[in-house]
Amino acid sequence: MAKHEPRRRAKFAADLFLELGAWGPQSMRIESALRDAIRSGRLGEGARLPSTRVLAAEIGVSRNSVVAAYSQLSAEGWIVGRRGGGTVVAVAPAQTLGEQAPPRPLRKAGVSFDFSPSEPNPGSFPRHEWLRALRRVLAQTPDASLGYGDPAGHADLRHELAVYLRRARGLAVAPENLVVTTGFSQGLSLLLRALAHNGVTKVAVEHPCVPGHRALIRRVGHELVLLDVDEHGARVAELAESGVGAVLLTPNRQHPLGVQLSPRRRASLLDWARTCGALVIENDYDGEFRYDGHRISPLQALDPSAVAYGGTIAKTLGAAARVGWLALPTSWMEPLITEKWYADLQTSVLEQLALTELLRSGAYDRHIRKMRGVHRQRRDLLLELLATKVPVLQPSGIAAGLSVVVEVCDIETEAAVLAAARDRGIALRGLSQGNYYERDAKAGIVIGYAAAPDHSYAAGVEALALVLAAAV
Ligand SMILES: Cc1ncc(COP(=O)(O)O)c(C=O)c1O
């Protein structure tokens, strides 16, 4: 190449072969075809995608569907918009996920400002405390504890967790009713399998919810019932005629809308569960982070015999250490331990013991208290800038958690905001494009304020407010 010849940025993927699946919304079929092309290496890193207009015309779909697909793939880190250079593949085939893996990013290419919901800043992982805990564990733990142990979890961790959950989260739980899992996701997967083995065939879930949870419920073979959500939380009255054997809820902070399940609905939910012998799965994924208003007792404390409560360190510490827990009715312990044994024999003992040490030393509580302060400040800054620069937007779900939601007037506006954000290197998720809904999606933007590194947060909020002000 001559010295001053500009480097060609990307191979031009003008003639793109896409095999669209036969079912599902158009945008998801395009997404999935593009993911497959990237995974298989047919579209390599840097390969340029056709413009949304060209691709829409080529495959005979609406341009909105292509825009939605590109936006989702970009949020997941597969592709990235280049200023003036179109859209290119961001992930090399060797770095892509396995064929069966869900479409989660390994890295976020092209993102300058990260507003992904529900993720803590990975830079806030307490490296020093974790290392100290691990060093202590390795120095003091007898050899006999370093092999295979109880699939329900290490006795020391179950003890410390029970103490913590009673004190800090208000649960009514003993160590014998705890199973340690590899994150909440595994706990849910085990519960769904145990339910299936016990004759349950139908499971309800809030609508909207994390799309992966709907997919998991179906993958295990359950029929899915969607429970709509209003300002009082999930409409639990709809359970009465549903015939479901279990329901998955985020009662303490509905994900992604942020509403709390009202006391009246909590009572009628538990009445229903007792009457039908159904199991309520309480996902308390980020309950540690409440800034305003008073805490409501978890469902588990109201009726430990009807509720399987799940928690995780993914939001308090970070998703790199995979520990979660289930507090279970006694009758569900054996089925869960059996499923856990089949799944992986046990959660990493070293991670279990490091967490035990953090709980025992008080470092876990200290970290949560510190992060609660950090998140509160970030939320306040976000709300302040939205109020001054985009007063037309009404953020909701602000009292707790790691994200707020702003509804926008329609799907086109949501797509425009996401596209403008992508161009500015801002990672954001849409209520509609994020597939939180399966039907009748509301349009809105879910703004996660915990994920960004400290140094870029303030500038990111400014950039985001400008994008929103221009697009809504
Ligand atoms: C609502 C909700 N529940 C559960 C999880 C997963 O938790 P874990 O990482 O412990 O599997 C997530 C992850 O983002 C989430 O958003």
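Observations
- Complete set of residues in segment 137-159 that are part of a helix (DSSP H, G or I) and surrounded by fewer than 20 Cβ atoms within 10 Å (Cβ to Cβ): L138, A139, Q140, D143, A144, S145, L146, A155, D156, H159
- When residues of segment 244-289 are limited to those that are among the basic types (K, R) and within 13 Å of H232 (Cα to Cα), the one surrounded by the fewest Cβ atoms within 10 Å (Cβ to Cβ): R264
- So D286, is it under 30 Å from R369 (Cβ atoms), within 16 Å of the ligand (Cβ to nearest atom) and modelled with pLDDT under 95: yes
- Qualifying residue in segment 314-330 (condition: over 21 Å from R158 (Cβ atoms), more than 16 Å from the ligand (Cβ to nearest atom) and at pLDDT 95 or above): no
- Residue pairs meeting the criteria (Cβ under 6 Å; at least 6 apart or on separate chains; first closer than 18 Å to H255 by Cα, in segment 273-300; second β-branched (V, I, T) and outside any strand (DSSP E or B)): N283/T250; E288/T316; E288/I368
- Filtered by the rule that a residue be over 15 Å from A441 (Cα atoms) and free of Cβ contacts under 8 Å to residues at least 24 places away in the same chain, segment 193-234 gives R218, R219, E223, L224, V225.
- Within segment 173-225, restricting attention to residues that are of a type in the set (K, R) and within 16 Å of the ligand (Cβ to nearest atom), the residue that is nearest to Y309 (Cα to Cα) is R193.
- Restricting the search to strands (runs of 3 or more DSSP E) fully inside segment 223-323 and requiring at least 1 residues that are touching a helix residue (DSSP H, G or I) at 6+ places or on another chain (Cβ under 8 Å) and within 21 Å of V180 (Cβ to Cβ) gives 246-249, 279-283, 307-312.
- The one condition in (1) at pLDDT 95 or above; (2) more than 16 Å from the ligand (Cβ to nearest atom); (3) under 18 Å from A174 (Cα atoms) that S297 fails to fulfil: (1)
- Scanning segment 338-371 for residues that are among the basic types (K, R) and surrounded by fewer than 16 Cβ atoms within 10 Å (Cβ to Cβ) returns R366, R369, K370.
- Filter pass, G233 being crowded, with 19+ Cβ neighbours inside 10 Å, closer than 25 Å to S297 by Cβ and within 16 Å of the ligand (Cβ to nearest atom): yes
- Considering the conditions (1) within 16 Å of the ligand (Cβ to nearest atom); (2) modelled with pLDDT of 95 or more, E119 is excluded by exactly one of them, (2).
- Counting only helices (runs of 4 or more DSSP H) wholly contained in segment 344-454, the ones carrying 2 or more residues that are among the polar types (S, T, N, Q) occupy 349-361, 363-389.
- Failed criterion for I59 (all others in (1) under 27 Å from V446 (Cβ atoms); (2) surrounded by fewer than 22 Cβ atoms within 10 Å (Cβ to Cβ); (3) β-branched (V, I, T) hold): (1)
- Filter pass, P335 being part of a loop (DSSP other than H, G, I, E, B), modelled with pLDDT of 95 or more and more than 28 Å from G448 (Cα to Cα): no
The values are calculated or read from the model by the stated rules, or taken from the named source; none is laboratory data. Here the structure is a predicted model, which is why all the values come from computation and not from measurement. Glycine also receives a Cβ, built like all others from the backbone with ideal geometry; neighbour counts cover every protein chain displayed.
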